[in-house]
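Engineer: One structure, pasted below without further comment.
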Amino acid sequence: MESLTAKFTTAFRSERLIYRAIDMQDILLVARMLWDPVNQGFGDPTLYTPLSGTVGSVMVQKGLEASLLAVLVCLPNPQAQQDAAPGLPGNSLRAAQESAIPIGSLMLSKPTAPQTDHWRWTRIGLGIAEEHQGNGYGKEAVNWALDWAFEFAGMHRVELTTASYNDRAIALYKSLGFKEEGRKRETIYMDRRWWDMVEFGILEGEWEALRGKKSGQSGGQRIVQGGF
């Protein structure tokens, strides 16, 4: 009971970040973070056109509807932490979530059809606001998402894709234990060049080995790696 209490009170935190649900009033904020010109170009290799707030919001809304998990990636609010009154752990976490400062978003997809629910896989989508990139927050958030997927959602595999020109993302995924599983060769056209779509995945057993867990084992300390 005590170990579960500790896990529940830290489930939506990592070393430096807090994660909270995306509310309806957050949709435009998420759209603006994801579709600034740089994030759009690296994160969405489809036809590169300007996106309005309205179109971006519609795309975020569709993403939410197709998500198993959708959270804002946030930094703690130092002033709120200083002013926080002591209380029950759950109340403290809720207060920290409500006052946290959003710097990005993270979504894990639902199965695409009921007939494949038993395959137990999900796909990660992540975006960090440009001004907060280069501080390791993306790496920390993906690492947290892996723990959530395998510990709480019972996933067997987690996957993601990126364009072959996104060198930083490829290095990040490999550093977290993802394996390159395939390429759709020259399927993306950008800046007068053809690029590959690169597919990555990590299996439950591979995650267990990274965390030093036995199959089916719960608990333990989350590993947070810096650098990205």
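Engineer: Of the residues Ile188, Ile170, Ile124, which exhibits the maximal mean-square fluctuation in a Gaussian network model of the chain defined by a 10 Å Cα contact cut-off?
Structural biologist: Ile188
Engineer: For His132, His156, His118, what's the largest-to-smallest order of accessible area, 1.4 Å probe?
Structural biologist: Listed by decreasing accessible area, they come as His118, His156, His132.
Engineer: Ordering Arg20, Arg193 from largest to smallest accessible area (1.4 angstrom probe), what's the sequence?
Structural biologist: On the way: Arg20 45, Arg193 130 Å².
From most accessible down to least: Arg193, Arg20.
Engineer: Just going by the charge dipole of region 1-150, with Lys and Arg at +1 and Asp and Glu at -1 on Cβ, which of Ile101, Tyr19, Ala6 is farthest out on the positive end?
Structural biologist: Going by the charge dipole, the pick is Ala6.
Engineer: Something else about it: Dipole of the chain, Cα-centred, from +1 at each Lys and Arg C-beta and -1 at each Asp and Glu C-beta, to the nearest 20 debye?
Structural biologist: It works out to roughly 340 debye.
Engineer: Rounded to the nearest 500 deg cm²/dmol, what is the calculated helix-only ellipticity per residue at 222 nm for the chain, with -39500 (n - 2.57) per DSSP H run of length n ≥ 4?
Structural biologist: Values: 9 runs with 86 residues, N = 228.
The per-residue figure over the chain is -11000 deg cm²/dmol.
Engineer: To continue, here is another question. Please name whichever of Trp148, Leu69, Met59 sits farthest to the positive end of the charge dipole of the chain, dipole taken about the Cα centre and charges placed at Cβ: Lys and Arg +1, Asp and Glu -1.
Structural biologist: In the chain, that residue is Trp148.
Engineer: For Lys213, which lysines qualify as cross-link partners when the Cα separation must be under 24 Å and same-chain residues fewer than eight apart are set aside?
Structural biologist: Lys7, Lys139, Lys174, Lys179
Engineer: What is the spread of the Cα atoms of region 98-174 along each of their three principal axes, largest first, in whole Å?
Structural biologist: Sorted from largest, the Cα extents of region 98-174 read 41, 37, 18 Å.
Engineer: Amide H of Gly104: which non-local residues (sequence gap of 5 or more, or other chain) have their own amide H closer than 5 Å, using H built in the peptide plane?
Structural biologist: Val73, Ala129
Engineer: Something else now. Give me the net charge for the shell around Gly127: Cβ to Cβ below 11 angstrom, other residues only, Lys and Arg +1, Asp and Glu -1. Kindly include the intermediate steps, with their values, before the conclusion.
Structural biologist: Numbers: positive: Arg32; negative: Asp36, Asp44, Glu130.
Taking every Cβ under 11 Å from that of Gly127, the sum is -2.
Engineer: Going from most exposed to least, what order do Phe8, Phe152, Phe178 have by accessible area with a 1.4 Å probe?
Structural biologist: Phe8, Phe152, Phe178
The values are calculated or read from the model by the stated rules, or taken from the named source; none is laboratory data. None of these values were measured; they are calculated from a predicted model. Glycine also receives a Cβ, built like all others from the backbone with ideal geometry; neighbour counts cover every protein chain displayed. Calculation scope for accessible area: heavy atoms of the full protein, side chains included, ligands and nucleic acids excluded. Shrake-Rupley method; radii C 1.70, N 1.55, O 1.52, S 1.80 Å.
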